[in-house]
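Here the structure is laid out as structure tokens; the discussion comes afterwards.
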Amino acid sequence: MFVKPSRRRRVAAAAALGLLLAGCAKNAPQDTFDPAGSNARSIDDLQRPVFYVAGVVGIIVFAVVGYAIWKFKDRGQDIPEQSHGNPKLEIALTILPAIILAAICVPTVSQVFSLDKKDNNCVINVTGQQWWWEYDYAKGSECGGVVIPESIVTSAELVIPANTDVLLRITSRDVIHSFWIPRLNGKRDAVPGRLHTLRLQADQPGLYTGQCTEFCGLSHARMRQAAIALNTADFQTWVTNQTEAYTAPEAGTAAAVGQSTFIAQCSRCHQVNGLQDGDGKPVLAEPDLYVLSGAAPNLTNLLTRTAFAGWTFDLLTDECRDTLWNAPPDEFGALYLKGVTAECFNEANLREWIRNAPAMKPMYTDPKNLGSTGGKTRGMPALGLTEAQIDEIIAYLLERK
């Protein structure tokens, strides 16, 4: 069907306006204009006046250009008088932009140095890989008055105490990634072989979402993350839960069978802290032998998290997820610490992931050409498990919370 050029322009303009308005939607999960912490707020205090001034300058420029196009359209008239060679005008048009840039540059540089302070006792190591984030809480760190008794390694969700400056030490195991939780601070690249720091602080308990912002391969768009801020008491409870001793499932239960299946099928890559085999020997994952990045998510207490696989797929049903996301700050912690309950468990997502992960999250490792990768996969492969084995693994994971 033929569409007139004028109609095409109107449709394009309407689409552009719709995208603009969508980007300005209030209460968007990743909204830089809705800061929720001191670091993000200092950025917002800087960007707003710059945004407004740039908007005014843009309007003036468009107005002048539009007027010039209309006023001096070629109608066969003489060439208008040229401004070239007018020293006063040329000096003014040089000094004015320089003043505007200086007014932006000075507070920007000052803010960069302010945000780069590292005097924090709460230290969390953050490692990016294709396509998820790993969080390692340093033993002995004091976070919001809570001392981390032993190293806690988790993924998908960065749990922090509210109203506390947290120092992230960010790097990467494979390619360049970029860590960004818009409502808590700006972006910081995760670069192999380098260590970059970033300070986060959330004013109150809640869930703050983020996204990898450096193209890092096929599933870049599915490399998301979240920061979970808890009050001091709830954060202490979370730390206690994450460091409690492993309890084996009761013999004869589906979870006990699932533990054996997990050891046979999953433990070569995924660690569960405290897990032992039938002879009482620790079961230690060796993902460096099987995965290109050399790591796979630690699945200890998996069902205390709300999502998995780069925080891409929910472990909660839609209704329970919405309830958690919209919970008031004074109710959020207790609701989050419940973990994934039976009535809120999104079993379909986890089941399909175990059945065929690459179908849900493209990872591109051709099983027919593993020679080029030394036999290692990029991400989780399809294991070819039976439905009975999947049932057993799910039963086991449900007990790990």
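Just so it is clear, none of the values below were taken in a lab; they were calculated from the coordinates. Nothing here was measured: the structure is a model prediction, and the numbers come from that model. Reconstructed Cβ throughout: ideal geometry from the backbone, glycine too, with neighbour counts over all protein chains shown.
Go through LYS117/LYS361; LYS139/LYS361; LYS139/LYS338 and tell me which ones have a Cα-Cα distance over 27 Å in this structure.
Among LYS117/LYS361; LYS139/LYS361; LYS139/LYS338, the Cα-Cα distance tops 27 Å for LYS117/LYS361; LYS139/LYS361.
Determine the dipole magnitude for the chain: charges of +1 sit on the beta-carbon of Lys and Arg, -1 on that of Asp and Glu, nothing else is charged, the reference point is the Cα centre, and the result goes in debye to the nearest 20. Please report the intermediate quantities before stating the final value.
Numbers: 37 positive and 41 negative charges, 391 e Å.
Around 1880 debye, computed over the chain.
Of all trypsin sites (Lys or Arg not before Pro) in the range 76-151, which ones are in loop regions per DSSP and have a Cβ with at most 13 other Cβ atoms within 10 Å? Walk me through the numbers before you get to the answer.
Values: sites: LYS88, LYS117, LYS118, LYS139; in loops: LYS117, LYS118, LYS139.
Taking the range 76-151 and a limit of 13 other Cβ atoms within 10 Å, the loop trypsin sites (Lys or Arg not before Pro) found are LYS117, LYS118, LYS139.
To the nearest 10 degrees, how steep is helix 87-115 against the longest Cα principal axis of the chain, on a 0 to 90 scale?
Approximately 20 degrees, to the nearest 10.
Of VAL112, ASN125, GLY145, which is farthest towards the positive pole of the chain's charge dipole, taken about the Cα centre with +1 and -1 on the beta-carbons of Lys, Arg and Asp, Glu respectively?
VAL112
Given the options ALA36, ALA255, ALA98, which has the most mean-square fluctuation in a GNM of the chain, springs set between C-alpha atoms less than 10 angstrom apart?
ALA98
Could you point to the label whose value was computed as mean projected area of the Cα convex hull in nm² for the structure here, given [x] 18.3; [y] 21.7; [z] 28.8?
[z]
Looking at the range 280-371, which GluC sites (Glu not before Pro) are DSSP coil and have at most 15 other C-beta atoms within 10 Å of their C-beta?
Numbers: sites: GLU319, GLU331, GLU343, GLU347, GLU352; in loops: GLU343.
In loop regions of the range 280-371 (DSSP not H, G, I, E or B), the sparsely surrounded GluC sites (Glu not before Pro) are GLU343.
Is it possible to state the helix-based mean residue ellipticity at 222 nm for the chain, with each DSSP H run of 4+ residues giving -39500 (n - 2.57), the sum divided by total residues, to the nearest 500 deg cm²/dmol? What is it? Show your work: numbers first, answer last.
Numbers: 9 runs with 149 residues, N = 401.
The helix contribution divided over the chain gives -12500 deg cm²/dmol.
For the peptides 129-136, 298-305, what is the packing order when you average, over each peptide's residues, the other Cβ atoms within 10 Å and list the highest mean first? All intermediate terms of the calculation are to be shown ahead of the outcome.
Numbers: 129-136: 23.6, 298-305: 21.1.
Ranking, from highest mean packing down: 129-136, 298-305.
Please check: in the Gaussian network model of the chain (C-alpha springs, under 10 Å), which one of ILE181, ILE263, ILE124 has the largest mean-square fluctuation.
ILE263
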